[in-house]
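Asks: Structure below; questions to follow.
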Amino acid sequence: MLLSRLAHVSQEVAATSARSRKIALLAELFRDADADDVPIVIPYLAGRLPQGRLGIGWKLLSRPVPPAAEATLTVRDVDARLTEIGAVTGTGSQAARGRLVDALRAAATESEQRFLFGLLTGEVRQGALDALAVEGLAGATGAPAADVRRAVMLAGSLRTVARALLAEGPGALDGFRLTVGRPVLPMLAHSASSVSEAVDKLGACAVEEKLDGIRVQVHRDGDDVRIYTRTLDDITDRLPELTSAALELKDSRFILDGEVIALDEDGRPRSFQETAGRVGSRVDVATAARSVPVSPVFFDALLADGQDLLDLPLAARHAALARLVPEPMRVRRALVEGPADLAAAKEFLADTLRRGHEGVVVKALDATYSAGRRGASWLKVKPVHTLDLVVLAAEWGHGRRTGKLSNLHLGARAGDGAFVMLGKTFKGMTDAMLAWQTGRLQELAVGDDGHVVTVRPELVVEIAYDGLQRSTRYPAGVTLRFARVVRYREDKTPAEADTVAALLAAHPEVAP
Ligand SMILES: Nc1ncnc2c1ncn2[C@@H]1O[C@H](COP(=O)(O)OP(=O)(O)OP(=O)(O)O)[C@@H](O)[C@H]1O
């Protein structure tokens with residue numbers, strides 16, 4: 001497929017606000033695409049690069065390069081050239097990259113150059129594109145949208161499903177079943193401001209401890225145990241004690257969902273940094289395991305008793321979990337029948353906080369497992385409010401922080417996939433964080449005026465704050481009070497950052 005076609009459709013999709021029109025445009029595009037084009041076309045439409053970071057900044061893209069008169073570039077050409085650019089390393093690499101970027105731009109027409117600029121700087125982000133693409137694929141192939149969605153959820157990859165669907169037709173969806181050894185994206189939670197709000201919304205529910213550890217999905221088939229993170233990375237080798245725990249369970253085929261956490265002798269959680277450091281360390285695992293042993297705490301069963309449980313209600317999945325996993329390895333929880341039972345839910349939260357955990361997750365007992373989604377049937381309640389924001393830029397520090405990128409410009413997601421700046425902070429960072437972010441942000445830099453380094457909006461950071469206040473200085477009309485960094489969330493993509501709309505809804509006191 002020609003890049004010009006994609007650039008044109010991308011513009012048309014952005015220009016219309018009608019969802020059905022967007023879907024029709026995408027369906028038409030997919031119908032004309034080769035199966036091998038779609039894994040490139042879909043991320044390009046969303047404003048993502050399959051290669052991840054390429055280190056191509058505004059400076060390189062602003063050099064004058066005369067456009068081509070005729071459109072000849074295909075999306076696969078562009079993809080191959082970008083892969084080549086990403087592979088350039090060593091001395092002189094900046095100049096070599098510059099030449100390759102110039103050559104790519106010279107092969108593009110004026111409108112293609114504009115599209116490439118948006119794609120490479122991260123300026124064009126179409127937030128909801130993946131959901132629209134699912135509907136577009138359904139329209140193009142005749143497969144029911146719900147089946148496409150379920151396949152994407154189970155494959156953990158829209159691109160994989162899209163390619164199979166276009167190559168083989170709707171029958172290809174049968175190949176995407178829940179399979180031991182193939183991880184699925186975990187179900188996520190929304191927030192509620194209090195236990196009563198959560199119980200009011202959900203009715204009969206389980207109130208579970210929310211442990212501040214690392215999400216794990218544990219797969220066992222006979223003697224083979226595999227452990228995956230929330231981003232589906234295989235971390236089996238780093239957590240030998242989890243493999244042993246899984247091998248001790250009586251069933252030999254299952255998929256369990258839970259949290260891994262470092263606890264001290266009294267069962268109180270050690271700091272999140274200790275758990276994260278342990279799970280992150282790949283070298284000398286045996287020594288790390290001795291100094292910071294971790295325990296699994298399971299809260300869901302996706303496959304057990306030889307059966308796929310995803311479409312069963314939580315109550316049934318819990319029953320399967322209880323049959324398989326002994327109590328000390330299961331999350332603590334209280335069952336609540338509804339608002340009349342609120343006192344029990346509140347007491348459970350208070351007790352959980354006393355035990356050193358960060359809050360609770362309230363879950364509707366009748367809800368199925370929606371993999372990869374922030375389902376409305378899981379609501380987390382935490383007394384300390386934090387936001388996941390995207391770093392848009394950072395300022396060079398002064399004094400002790402000279403030479404370090406320090407003051408972060410923080411953005412929340414707007415409806416159109418762009419980011420809106422909410423404020424700045426240089427508080428809460430450890431020296432290690434400062435050093436790390438200086439390196440990482442320079443990799444993402446697209447501009448530097450000597451004071452402010454602008455970056456591709458890719459890094460998600462968790463921010464604690466004391467509230468919102470009105471401000472004429474920021475585009476949303478509000479800014480954060482006492483914002484401070486809690487930690488970086490490398491396991492999250494910018495598309496998972498908090499939205500301005502949700503933030504404003506949570507703070508009616510500053511509503512314009
Ligand atoms: N009992 C539990 N049930 C579900 N998730 C739990 C539980 N205990 C801890 N968690 C963790 O909480 C996360 C759910 O919160 P959410 O989906 O909002 O992700 P998150 O943004 O990483 O959450 P947060 O930033 O609040 O930790 C899960 O991914 C999991 O790691």
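Asks: Would you tally the residues in the stretch 85-112 being assigned to a helix (DSSP H, G or I), open to solvent by less than 30 Å² (accessible area, probe 1.4 Å) and in contact (Cβ under 8 Å) with a residue 24 or more places away in the chain?
Replies: Within the stretch 85-112, residues that are assigned to a helix (DSSP H, G or I), open to solvent by less than 30 Å² (accessible area, probe 1.4 Å) and in contact (Cβ under 8 Å) with a residue 24 or more places away in the chain number 6.
Asks: Something else: Tally time: how many residues in the stretch 294-322 are away from the ligand (no atom under 16 Å from the Cβ), at pLDDT 95 or above and in contact with a Lys or Arg (Cβ under 9 Å, 6 or more places away or on another chain)?
Replies: Qualifying residue count, the stretch 294-322: 2.
Asks: Could you check the stretch 61-84 and list, in sequence order, the residues that are of a type in the set (S, T, Y), surrounded by fewer than 14 Cβ atoms within 10 Å (Cβ to Cβ) and within 18 Å of P43 (Cβ to Cβ)?
Replies: Across the stretch 61-84, the qualifying residue is only T83.
Asks: If you don't mind, another one. Would you tally the residues in the stretch 328-375 being away from the ligand (no atom under 12 Å from the Cβ), under 30 Å from A131 (Cα atoms) and in a strand (DSSP E or B)?
Replies: Counting residues in the stretch 328-375 that are away from the ligand (no atom under 12 Å from the Cβ), under 30 Å from A131 (Cα atoms) and in a strand (DSSP E or B) gives 1.
Asks: Let me ask another. Only residues that are out of contact with any helix residue (DSSP H, G or I) (no Cβ under 7 Å at 6 or more places or on another chain) and farther than 16 Å from G375 by Cα: list them for the stretch 157-192, please.
Replies: Correct list: S157, T160, A167, E168, G171, D174, T179, V180, G181, R182, P183.
Asks: So T472 clears everything in (1) open to solvent by 50 Å² or more (accessible area, probe 1.4 Å); (2) polar (S, T, N, Q); (3) not in a loop (DSSP other than H, G, I, E, B) except one condition, right? Which one?
Replies: So T472 meets the others, but not (3).
Asks: Assigned to a loop (DSSP other than H, G, I, E, B) and under 25 Å from A138 (Cβ atoms), is that true of P50?
Replies: yes
Asks: Further question on the same structure: Can you give me the number of residues within the stretch 478-495 that are away from the ligand (no atom under 12 Å from the Cβ), exposed (fewer than 15 other Cβ atoms within 10 Å of the Cβ) and in a loop (DSSP other than H, G, I, E, B)?
Replies: 1
Asks: Is the stretch 53-66 home to any residue that is assigned to a loop (DSSP other than H, G, I, E, B), touching a residue at least 12 places away in the same chain (Cβ under 8 Å) and farther than 21 Å from V453 by Cβ?
Replies: Yes, the stretch 53-66 has at least one match.
Asks: Condition first: open to solvent by less than 50 Å² (accessible area, probe 1.4 Å) and either part of a strand (DSSP E or B) or not assigned by TED's automatic domain parsing to the domain that holds T229 (or both). Now tell me which residues in the stretch 188-198 satisfy that.
Replies: Result: L188, A189.
Asks: Looking at P269 and the list (1) open to solvent by 20 Å² or more (accessible area, probe 1.4 Å); (2) within 15 Å of the ligand (Cβ to nearest atom); (3) out of contact with any Gly (no Cβ under 7 Å at 6 or more places or on another chain); (4) more than 24 Å from A155 (Cβ to Cβ), which single condition is not satisfied?
Replies: It is condition (3) that P269 fails.
Asks: Cβ contacts < 7 Å: first residue under 11 Å from V381 (Cβ atoms) and of a type in the set (V, I, T), restricted to the stretch 343-360; second residue within 12 Å of the ligand (Cβ to nearest atom) and open to solvent by 30 Å² or more (accessible area, probe 1.4 Å), any location; separation 6+ or different chain. Result?
Replies: V360/K210
Asks: Which one is farthest from the ligand (Cβ to nearest atom) among residues in the stretch 381-391 that are under 17 Å from the mean Cα position of the chain (by Cα) and surrounded by fewer than 24 Cβ atoms within 10 Å (Cβ to Cβ)?
Replies: L387
Asks: When you check I261 against the structure, is it surrounded by fewer than 23 Cβ atoms within 10 Å (Cβ to Cβ), touching a Ser or Thr at 6+ places or on another chain (Cβ under 7 Å) and assigned by TED's automatic domain parsing to the domain that holds E337, yes or no?
Replies: yes
The values are calculated or read from the model by the stated rules, or taken from the named source; none is laboratory data. Note that the structure is predicted; figures quoted are calculated from it, not measured. Cβ atoms come from the backbone with ideal geometry, glycine included; neighbour counts cover every protein chain shown. Each accessible area value is taken on the protein alone, full model and side chains, heavy atoms only, with ligands, DNA and RNA left out. Shrake-Rupley method; radii C 1.70, N 1.55, O 1.52, S 1.80 Å.
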